[in-house]
Amino acid sequence: MTTDQQETTTGVTVLSTPSDREIVSERVFDAPRDRVFAAYTDPELIPQWWGPRRMTTIVDEMDVRPGGAWRFVSHDCNGDEQGFRGIYREVTPPERLVQTFEWEGMPGHVIVETVTFEELGGRTKVKTTSLFHTPEERDGMLASGMKSGLTESHDRLAELLAKVG
């Protein structure tokens, strides 16, 4: 990727579908890789950026090590709750996380997410590859409004990183 291409993704979440079972998101953040990795792995920071602004997220469990479990619960203003959970498969600070992701509203539909953190001279490119069991599951995720929710989470993360910088 050239510098010009990197510039175009700063502050913009870009989604692609390289195969019929994958969704890849990429975003460049104006923060060093260690800080961005910490935002993904610190249970104190997750509630400050994870999920849409209209939701409040609580970290119920977060054991960031291979085999460790995580569970986040998001609440809206009506008191409705959505749970998300998974297991960390690989934790390589500050370069890579591999985890499962399951929305508790559709048990059994487990996604494998691989998140890489690439240092770009004081900025960080975060690339998340989500691997689904079937093309239908991938297409259902795309149709669910995933892009807007992910973009909003990334926007909140960028704001948090600017505050702690």
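Looking at PRO66, PRO94, which is the one that is in contact (Cβ under 8 Å) with a residue 40 or more places away in the chain and not hydrophobic (A, V, I, L, M, F, W, C)? Don't jump to the end; show me each part of the working.
On the way: PRO66 fails: in contact (Cβ under 8 Å) with a residue 40 or more places away in the chain.
Just a single option satisfies the conditions, and that option is PRO94.
Filter region 91-112 down to the residues that are under 15 Å from the mean Cα position of the chain (by Cα), assigned to a strand (DSSP E or B) and closer than 25 Å to ALA31 by Cβ and list them by number.
VAL91, ARG96, LEU97, VAL98, GLN99, PHE101
Would you confirm whether or not region 34-50 contains a residue that is basic (Lys, Arg) and modelled with pLDDT of 95 or more?
From region 34-50, those basic (Lys, Arg) are 35; that's our starting set.
Within this subset, residues satisfying the condition of being modelled with pLDDT of 95 or more are 35.
The answer is yes; a qualifying residue exists.
Under the condition of being hydrophobic (A, V, I, L, M, F, W, C) and at pLDDT below 95, which residue from region 66-111 is surrounded by the fewest Cβ atoms within 10 Å (Cβ to Cβ)? First the steps, then the outcome.
Kept after step one, since they are hydrophobic (A, V, I, L, M, F, W, C), are these residues of region 66-111: 69-70, 72-73, 77, 84, 87, 91, 97-98, 101, 103, 106, 110-111.
Still in the running and at pLDDT below 95: 77, 103, 106.
Numbers: CYS77: 8, TRP103: 15, MET106: 12.
Checked region 66-111; the qualifying residue surrounded by the fewest Cβ atoms within 10 Å (Cβ to Cβ) is CYS77.
Out of VAL24, VAL36, report the one residue that is under 15 Å from VAL126 (Cβ atoms), surrounded by fewer than 17 Cβ atoms within 10 Å (Cβ to Cβ) and touching a residue at least 60 places away in the same chain (Cβ under 8 Å).
Of VAL24, VAL36, the one residue that is under 15 Å from VAL126 (Cβ atoms), surrounded by fewer than 17 Cβ atoms within 10 Å (Cβ to Cβ) and touching a residue at least 60 places away in the same chain (Cβ under 8 Å) is VAL24.
Pull up region 15-69, narrow it to residues that are part of a helix (DSSP H, G or I) and in contact with a Phe, Trp or Tyr (Cβ under 6 Å, 6 or more places away or on another chain), then point me to the one that is farthest from TYR88 (Cα to Cα). Show your work before the answer.
Initially, region 15-69 is screened for residues part of a helix (DSSP H, G or I), giving 33-41, 46-48.
Adding the requirement that they be in contact with a Phe, Trp or Tyr (Cβ under 6 Å, 6 or more places away or on another chain) leaves 33, 36-37.
Numbers: ARG33: 19, VAL36: 18, PHE37: 14 Å.
Top of the filtered list is ARG33.
The values are calculated or read from the model by the stated rules, or taken from the named source; none is laboratory data. As the structure is a computational prediction, the values presented were derived from the model and not from experiment. Counting neighbours? That spans all protein chains shown, and the Cβs are built from the backbone with ideal geometry, glycine included.
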